[in-house]
Amino acid sequence: MKLPRTRTIVILSALATTAAIAAGGATAQQRHNSNAPIDFAAQNIELQDRANRAILSGGVKITQSNMTLDANRVTVAYTGAVLDGNPQVSRLDAAGGVTVDLKTRQMQSAGRVTGSTPMGNFSGDRMRADLEERNVRLEGNARLRIYPGRTN
């Protein structure tokens with residue numbers, strides 16, 4: 001029997017907040033700084049400025065403040081121009097069906113996810129997250145492990 005492919009994401013100050021609420025420590029959490037610079041790292045980055053997109057492949061790591069997305073391939077959609085303007089990232093589509101919409105501040109997976117935070121790890125058949133409200137919903141075979149005493 002072939003097991004389903006797993007999408008690995010380590011995004012989630014939102015999940016850390018959910019874990020903190022479950023552990024009784026939500027008051028120590030801070031909101032994500034969506035105005036912080038976004039750092040992109042990958043083996044390859046192809047900028048398609050006229051199409052308002054960049055394609056990153058090979059060990060992709062995208063970080064903004066305390067949130068990180070790790071994937072093998074990510075397409076970044078943006079408005080504005082990189083080469084002679086002020087680009088604004090609007091959406092991240094990761095290989096394996098993980099989508100982060102920065103306009104609506106929503107994230108969802110099309111399939112199985114696994115991930116971790118400093119407080120523990122999680123998995124599920126699907127995930128939906130409201131990054132603004134810091135709510136995460138794991139659906140189907142959902143698992144969450146919290147390590148007592150660890151903080152975000």
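The values are calculated or read from the model by the stated rules, or taken from the named source; none is laboratory data. For clarity, every value in this text was computed on a predicted model and none was experimentally measured. In this analysis, Cβ positions are derived from the backbone assuming ideal geometry, glycine residues included, and neighbour counts consider all displayed protein chains.
Out of the residues in the stretch 78-101 that are aliphatic (A, V, I, L, M) and surrounded by fewer than 16 Cβ atoms within 10 Å (Cβ to Cβ), state the one that is nearest to VAL136 (Cα to Cα). Among those residues, the one meeting the criterion is ALA95.
Please work out which residue is nearest to the chain's Cα centre (by Cα), limiting yourself to the stretch 110-132 and to residues that are under 18 Å from GLY97 (Cα atoms) and assigned to a loop (DSSP other than H, G, I, E, B). The residue in question is LEU131.
Scanning the stretch 133-152 for residues that are at pLDDT 90 or above and assigned to a loop (DSSP other than H, G, I, E, B), we see that the one that is farthest from GLN106 (Cα to Cα) is ASN141. Do you know which of the residues in the stretch 63-77 that are within 19 Å of THR114 (Cα to Cα) and surrounded by fewer than 20 Cβ atoms within 10 Å (Cβ to Cβ) is modelled with the highest pLDDT? Filtering the stretch 63-77 for residues that are within 19 Å of THR114 (Cα to Cα) and surrounded by fewer than 20 Cβ atoms within 10 Å (Cβ to Cβ), the one modelled with the highest pLDDT comes out as ARG73. Reported count of residues in the stretch 64-100, each being touching a Pro at 6+ places or on another chain (Cβ under 8 Å) and not in a strand (DSSP E or B), is 2. In the stretch 44-62, the condition of being at positive phi, in a loop (DSSP other than H, G, I, E, B) and at pLDDT below 85 is met by no residue. Screening THR104 with (1) at pLDDT 85 or above; (2) surrounded by 15 or more Cβ atoms within 10 Å (Cβ to Cβ); (3) more than 13 Å from the chain's Cα centre (by Cα) gives one miss only, at (2).
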